[in-house]
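Student: Following this message is one structure expressed as structure tokens.
The values are calculated or read from the model by the stated rules, or taken from the named source; none is laboratory data. Computed from a predicted model, the values in this text were never measured in an experiment. Ideal geometry is used to build each Cβ from the backbone, glycine not excepted, and the neighbour counts take in all protein chains shown.
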């Protein structure tokens with residue numbers, strides 16, 4: 001009974017905190033746009049994704065932004081990617097390609113590919129997305145990299161840029177295309193819930209992750225913090241572990257404008273989705289201790305709340321039922337209003353069901369990830 005009520009209060013505290021952060025906190029990370037633009041280097045790694053390049057790369061190349069280059073790092077593809085990229089280069093002079101023919105033995109393939117792109121980047125402000133992503137609009141770059149106005153003295157934006165006015169760390173949002181399947185609706189829920197967590201933690205001054213499908217950081221900061229050193233062999237973590245390493249409450253800004261979003265094609269089967277989430281969850285053990293403790297408290301409090309609560313219903317039905325109703329209603333309301341205001345993604349009518357199913361997902365995928373020795377970037 002004590003564990004059940006402790007879990008209940010942890011959940012209530014989390015959702016009330018998120019509500020106040022998203023609706024009442026002055027989000028100083030939202031930068032002011034000016035007429036002068038930062039030159040940008042957009043970096044995309046690809047491996048056997050010729051179909052995605054054909055469909056989505058033009059949307060990146062045709063952004064309404066005055067000065068930017070797009071760097072495609074083709075990592076050992078054996079499809080027609082190189083042919084398509086050469087054709088694109090004839091049309092778009094700001095497209096640069098890097099071809100990797102052999103994987104580095106002591107480096108994770110994705111991080112090695114990213115490192116090559118970063119090394120060749122002409123500009124200091126780097127924007128990252130994936131080959132299977134497309135921007136919300138032709139103004140994506142303008143919104144994900146708003147030009148910061150340097151204040152005259154100590155101010156909200158002072159630490160977000162260096163002396164050359166280069167942005168340091170920007171956390172964007174990346175959602176998935178909507179479909180009618182139950183799997184897709186659960187993917188939408190999980191994606192928004194993850195966004196609420198990492199944006200909420202960043203608003204608390206504890207940025208711990210971003211998503212590589214929509215991420216900004218400076219080349220100079222990356223090099224100053226020794227890039228992927230210490231995490232170069234880990235599969236995954238090129239976004240969350242790196243952000244945990246280089247971001248702090250002073251140098252990180254957040255983009256919640258919908259034109260700054262990117263969208264991805266969701267997995268079509270439970271098997272494909274499971275493989276993707278197993279890779280994502282595998283890096284959680286490398287988070288900072290403080291972040292791990294907070295995330296463990298959040299996830300396990302929800303697990304204990306649901307599963308212990310079910311058993312307690314048999315002995316204290318009306319008391320436990322009322323507690324369930326309070327938690328579900330509060331969780332439902334806050335998630336729904338945050339989703340509607342910022343993301344407009346998931347079907348909030350199914351939130352109570354997804355909240356319960358998330359406990360099964362976390363236990364099932366988490367345990368399988370723990371016992372899986374080798375996880376790949378691409379199969």
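Student: For region 196-282, please list each of the helices (runs of 4 or more DSSP H) lying entirely inside it that holds at least 3 residues being at negative phi and free of Cβ contacts under 8 Å to residues at least 24 places away in the same chain.
Tutor: Here the list reads 270-281.
Student: Looking only at region 15-58, count how many residues are at pLDDT 90 or above and in a helix (DSSP H, G or I).
Tutor: Counting residues in region 15-58 that are at pLDDT 90 or above and in a helix (DSSP H, G or I) gives 17.
Student: Here is a follow-up. Looking at region 1-16, I want the residues that are free of Cβ contacts under 8 Å to residues at least 40 places away in the same chain and have a partner that is assigned to a helix (DSSP H, G or I) with Cβ atoms under 9 Å, at least 6 apart or on another chain. Which pairs are those?
Tutor: Sorted first by the residue in region 1-16, then by its partner, the pairs are 9/301.
Student: In this structure, is residue 118 surrounded by 22 or more Cβ atoms within 10 Å (Cβ to Cβ), in a helix (DSSP H, G or I), at pLDDT 95 or above and in contact with a strand residue (DSSP E or B) (Cβ under 8 Å, 6 or more places away or on another chain)? Steps first, answer last, please.
Tutor: Numbers: surrounded by 22 or more Cβ atoms within 10 Å (Cβ to Cβ): no; in a helix (DSSP H, G or I): yes; at pLDDT 95 or above: yes; in contact with a strand residue (DSSP E or B) (Cβ under 8 Å, 6 or more places away or on another chain): yes.
So residue 118 fails the test.
Student: Does at least one position in region 59-67 carry a residue that is free of Cβ contacts under 8 Å to residues at least 40 places away in the same chain, farther than 17 Å from residue 215 by Cβ and touching a helix residue (DSSP H, G or I) at 6+ places or on another chain (Cβ under 6 Å)?
Tutor: no
Student: Then there is this: Consider residue 296 against the criteria (1) under 15 Å from residue 7 (Cβ atoms); (2) surrounded by 16 or more Cβ atoms within 10 Å (Cβ to Cβ); (3) under 23 Å from the mean Cα position of the chain (by Cα): it satisfies all of them except one. Which criterion is unmet?
Tutor: Of everything listed in (1) under 15 Å from residue 7 (Cβ atoms); (2) surrounded by 16 or more Cβ atoms within 10 Å (Cβ to Cβ); (3) under 23 Å from the mean Cα position of the chain (by Cα), residue 296 misses just condition (2).
Student: Among the residues of region 86-106, is any buried (at least 21 other Cβ atoms within 10 Å of the Cβ), in contact (Cβ under 8 Å) with a residue 40 or more places away in the chain and out of contact with any helix residue (DSSP H, G or I) (no Cβ under 6 Å at 6 or more places or on another chain)? Talk me through it step by step, then tell me what you get.
Tutor: Here is the first cut: in region 86-106, the residues buried (at least 21 other Cβ atoms within 10 Å of the Cβ) are none.
Among the residues of region 86-106, not one is buried (at least 21 other Cβ atoms within 10 Å of the Cβ), in contact (Cβ under 8 Å) with a residue 40 or more places away in the chain and out of contact with any helix residue (DSSP H, G or I) (no Cβ under 6 Å at 6 or more places or on another chain), which makes the answer no.
Student: Now for a separate question. Does region 342-360 hold any residues that are at pLDDT 85 or above and either under 19 Å from the mean Cα position of the chain (by Cα) or surrounded by 14 or more Cβ atoms within 10 Å (Cβ to Cβ) (or both), and which are they?
Tutor: Those that are at pLDDT 85 or above and either under 19 Å from the mean Cα position of the chain (by Cα) or surrounded by 14 or more Cβ atoms within 10 Å (Cβ to Cβ) (or both): 342, 343, 350, 351, 352, 354, 355, 356, 357, 358, 359.
Student: Something else now. Would you point out which residue out of 216, 192 is touching a strand residue (DSSP E or B) at 6+ places or on another chain (Cβ under 8 Å), under 20 Å from residue 361 (Cα atoms) and modelled with pLDDT of 90 or more?
Tutor: On inspection, the qualifying residue turns out to be 192.
Student: Continuing with this model, one more query. Quick test for you: out of 77, 82, pick the one residue that is assigned by TED's automatic domain parsing to the domain that holds residue 120, farther than 21 Å from residue 260 by Cα and in a loop (DSSP other than H, G, I, E, B).
Tutor: Testing whether each residue is assigned by TED's automatic domain parsing to the domain that holds residue 120, farther than 21 Å from residue 260 by Cα and in a loop (DSSP other than H, G, I, E, B) leaves just 77.
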